[in-house]
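The block underneath contains the structure these notes are about, expressed in C-alpha cells.
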Amino acid sequence: MDTKANILLIYTGGTIGMIKDFETGTLRNFNFKDLLKHIPELKLLDCTIATTSFKQPIDSSNMNPGYWADIATIIEERYEDFDGFVVLHGSDTMSYTASALSFMLENLSKPVVFTGSQLPIGDLRTDAKENLITSIQIAALREKGHSKIAEVCLYFEYKLYRANRTTKINAEHFEAFASLNYPALIESGVNLVINNEALYRPNRRKKLRVHKAMESNILLVKMFPGIDETTISHLFSYPEIKGLVLETYGSGNVTNEQWFISALKRLIAKGIPVINVTQCSGGSVAMGMYETSIELKRMGVISAKDCTTEAAIAKLMYLLGQKVSPKSFKTIFETSLRGEMI
Ligand code: ASP
C-alpha cells in the first residue's frame, strides 16, 4: 500500500508569495513560513508538506544560472527525503528556469512542478491557491510505489505541461502559459485527467545526476526585417561569445544576403555553435525547405526543430557547460534529451 507522499515546497519569489502593502499600494514578499496562514486548505491535503525558501526571494526577472544551481542543489540534497518537489517561481521567467532545470536534473524519477500566479496569494481573486494546491496534489500522485510524474513540469490555470515545452504567452490572463508543440500532461477539471501517453518515462534504475555548470556567454538574436550589417558584425564580434541562438522566421528562414551568410560562416568556422530556432510560437524549423534556409543547412547551422526559444537557450547553456566537443555538438543538440523536441 502506498504511504503518504512527502512534498517539498521551494519558494524562490514572484507574485505568488506577495501581499499588498495597503499603505503604499505596492506588492511585497511575505514571510513564507506564514504560508499556512494564507492557505489553511493545505492542511487538508493527503500528503506531508515541508517548505524551504530562498533567503532573499526574488522577482523572477532577476533569475540567473546561479539561482538555477541553487534550486538544483536544494533538490539534490533533499532528493531522497521527498517524493516530489513544487517550486514557486515568478511567472515571467518560469519557462526559462524550468527548462534549465530539466537539463540540469538528469535521470530525474520524481516530479518537479513549477508554479506561480498572476495575482498575489493575498488577493481576493487570486489564482495562486488553485495553482499551488493542484501542483502539490500532482506532485503527490503515486502509482505502484512510484511517483506518477517523473519530469520537470509547469502547472498553471488547470493545465500541467512539460516545462521545457512552455512559453509565457500572456501578461494579463490567468492562462499565462502555452505549450503549442506538445500536449498537456494533465488537465484539471472535476477530476485530474492524465494524458498517460504524453508522460516522460524515466529509467528508474539510473541515479539522479545534477549538472550545475551552465555557460551564459551566449547570444540570442531575433531576426527582423531591416536588421543591418553593422549591428550584426558588432554583436558577432563579442569576444566572449560561446554560442548563438538565432530566432528565425517561419520554418527557419533568414535573409540570404551575402553579408549575413558570411557573418554566420565566420562564427561557425571559429567552432561556435549556431542554433536555429523559429520565432513562431508553434511549428518546427525545417532547414532546406526554402532558398532562405538552404545555406544555413549547408554551413552546419544546428536545428532546434520544434523547441521553444527558452528550451533552446537552456540546452545550449547546458551542453556548453558540459564541454561537449564542437564535433559532436550538432548531433547531441539535435537529439531530444528530456523530451524538449521531436
Ligand atoms: N514579476 C513577477 C515575477 O516573475 C511576475 C509573477 O510572479 O508572475 O517574478
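The values are calculated or read from the model by the stated rules, or taken from the named source; none is laboratory data. The model shown is predicted, which means the values in this text are computed figures rather than measured ones. In this analysis, Cβ positions are derived from the backbone assuming ideal geometry, glycine residues included, and neighbour counts consider all displayed protein chains.
From the set of residues in the range 173-203 that are of a type in the set (A, V, I, L, M, F, W, C), in contact (Cβ under 8 Å) with a residue 40 or more places away in the chain and farther than 24 Å from SER109 by Cβ, which is surrounded by the fewest Cβ atoms within 10 Å (Cβ to Cβ)?
Just the residues of the range 173-203 that are of a type in the set (A, V, I, L, M, F, W, C), to begin with: 174, 176-178, 180, 184-186, 190, 192-194, 198-199.
Now restrict to residues that are in contact (Cβ under 8 Å) with a residue 40 or more places away in the chain: 174, 176-178, 180, 186, 192, 194, 199.
Going one step further and asking which of them are farther than 24 Å from SER109 by Cβ, we end up with 174, 176-178, 180.
Values: PHE174: 16, ALA176: 21, PHE177: 24, ALA178: 20, LEU180: 14.
Among those that are of a type in the set (A, V, I, L, M, F, W, C), in contact (Cβ under 8 Å) with a residue 40 or more places away in the chain and farther than 24 Å from SER109 by Cβ, it is LEU180.
Each row is one residue, and each column tells you yes or no for (1) under 28 Å from the mean Cα position of the chain (by Cα); (2) on the phi > 0 side of the Ramachandran plot; (3) not in a strand (DSSP E or B).
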{"residue": "ILE10", "(1), (2), (3)": "yes, no, no"}
{"residue": "ILE19", "(1), (2), (3)": "yes, no, no"}
{"residue": "GLU23", "(1), (2), (3)": "no, no, yes"}
{"residue": "LEU36", "(1), (2), (3)": "yes, no, yes"}
{"residue": "LEU42", "(1), (2), (3)": "yes, no, yes"}
{"residue": "THR48", "(1), (2), (3)": "yes, no, no"}
{"residue": "THR52", "(1), (2), (3)": "yes, no, no"}
{"residue": "GLN56", "(1), (2), (3)": "yes, no, yes"}
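Based on this model, can you work out whether ASN170 counts as free of Cβ contacts under 8 Å to residues at least 40 places away in the same chain and under 18 Å from the mean Cα position of the chain (by Cα)? Against the criterion (free of Cβ contacts under 8 Å to residues at least 40 places away in the same chain and under 18 Å from the mean Cα position of the chain (by Cα)), ASN170 qualifies.
Among helices (runs of 4 or more DSSP H) entirely within the range 254-326, having at least 2 residues that are modelled with pLDDT under 95 singles out 291-299.
Would you say LEU101 is among the aliphatic types (A, V, I, L, M), assigned to a loop (DSSP other than H, G, I, E, B) and buried (at least 24 other Cβ atoms within 10 Å of the Cβ)? When the stated conditions are applied, LEU101 does not pass them.
Quick grid of which residues meet (1) away from the ligand (no atom under 16 Å from the Cβ); (2) within 19 Å of PHE82 (Cα to Cα); (3) touching a helix residue (DSSP H, G or I) at 6+ places or on another chain (Cβ under 7 Å); (4) of a type in the set (Gly, Ala, Ser):
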{"site": "GLY13", "(1), (2), (3), (4)": "no, no, yes, yes"}
{"site": "ASN31", "(1), (2), (3), (4)": "yes, no, no, no"}
{"site": "PRO40", "(1), (2), (3), (4)": "yes, no, no, no"}
{"site": "SER60", "(1), (2), (3), (4)": "no, no, yes, yes"}
{"site": "ASP70", "(1), (2), (3), (4)": "no, yes, no, no"}
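The residues of the range 104-141 that are buried (at least 23 other Cβ atoms within 10 Å of the Cβ), small (Gly, Ala, Ser) and within 15 Å of the ligand (Cβ to nearest atom), listed by number, are GLY116, SER117, ALA128, SER135.
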